[in-house]
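Shown next, in structure tokens, is the structure this report addresses.
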Amino acid sequence: MQLDGSCHCGKVRFSVRSSQPYPFNLCYCSICRKTAGGGGFAINLGADKASLEVQGEEHIGVYRAAISDGDSGRTRKSQARRSFCKHCASALWVWDPRWPELVHPFASAIDTPLPTPPERTHLMLAYKASWVPVHVQAGDLSFDEYPDESLADWHRRLGLGEDGA
Ligand SMILES: [Zn+2]
Ligand SMILES: [Zn+2]
């Protein structure tokens, strides 16, 4: 489906074609929580980068988080590029050059009414803030880190959101 999105102040507007428009993927990692998820998590959708059209590109800033390497204590820059509005700070989308054909708009930036997911995936729970409740409903899946299925796999398993949906 076609998704239209914008930042809060309206200086950035975008549209993108999405085959994975169900907002089911709740990420509780600290980056999502601090940059895009005041309630404890952010939700990314799956979309086709080639179809992304942006108005107000000059108002966009890009954030690459520093990720600590655990054992070595060293940090490296995350490959993921998080685009946001430089004026109102709305999180817009994530793009990662390792999967250049994909772009992941934040559901919070989308103005088009999104379909309601019949079940959800809770991921990166190992990094969740202690005060954040996880509302697991029947059918939901939970993962300490990354889930074992992609956004596309989830849509395929449930028979939802294929091209043309
Ligand atoms: Zn803005
Ligand atoms: Zn995250």
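Note down the net charge around Cys85, summing +1 for each Lys or Arg and -1 for each Asp or Glu among other residues with Cβ under 15 Å from its Cβ.
Numbers: positive: Lys11, Arg13, Arg81, Arg82, Lys86; negative: Glu57, Glu58, Asp111.
Combined, the nearby Lys, Arg, Asp and Glu give +2.
Hey, could you pull the Cα Rg and Dmax for region 72-116, both in Å?
Both quantities, over Cα of region 72-116: 13.7, 45 Å.
With each run of n ≥ 4 DSSP H residues scored as -39500 (n - 2.57), what mean residue ellipticity at 222 nm is computed for the chain after dividing by its residue count and rounding to the nearest 500 deg cm²/dmol?
So the helix-based figure for the chain works out to -2000 deg cm²/dmol.
Could you work out the local net charge near Gly39, counting Lys and Arg as +1, Asp and Glu as -1, over the other residues with Cβ closer than 15 Å to its Cβ?
After counting each charged neighbour, the total is +4.
Can you tell me which of 71-79, 35-43 comes out highest on packing, and rank the rest after it, using the mean Cβ neighbours within 10 Å?
35-43, 71-79
Sort Met1, Met124 from largest to smallest accessible area, using a 1.4 Å probe on the heavy atoms of the protein chains.
The ordering from most to least exposed comes out as Met1, Met124.
Taking a ≥ b ≥ c as the square roots of the Cα gyration tensor eigenvalues, with a/c under 1.5 meaning rounded and otherwise prolate when a/b beats b/c, else oblate, which class fits region 1-51?
Oblate, because a/c is 1.5 or more while a/b does not exceed b/c.
May I ask you to give the solvent-accessible area per residue for the chain, in square angstrom, as obtained with a 1.4 angstrom probe?
Result: 54 Å² of accessible area for each residue.
Could you name the lysines whose alpha carbon sits less than 26 Å from that of Lys11, not counting residues in the same chain fewer than 8 places away?
Candidates past the 8-residue exclusion: Lys34, Lys49, Lys86.
Order the peptides 133-144, 23-34, 96-107 from the highest to the lowest mean number of other Cβ atoms within 10 Å of their residues.
23-34, 96-107, 133-144
In the full protein assembly as shown, how much of Lys86 is accessible to a 1.4 Å probe, in Å² to the nearest 10?
About 120 Å², rounded to the nearest 10.
Please give the per residue volume of the convex hull enclosing the alpha carbon atoms of region 10-165, rounded to a whole number of Å³.
Expressed per residue, the convex hull around the Cα atoms of region 10-165 is 127 Å³.
The values are calculated or read from the model by the stated rules, or taken from the named source; none is laboratory data. This is a predicted model, so every value here is computed, not measured. Heads up, the Cβs are rebuilt from the backbone with ideal geometry, glycines too, and the neighbour counts pull from every protein chain shown. Note: accessible area is taken over every heavy atom of the protein model, side chains too, but ligands, DNA and RNA are not part of it. Shrake-Rupley method; radii C 1.70, N 1.55, O 1.52, S 1.80 Å.
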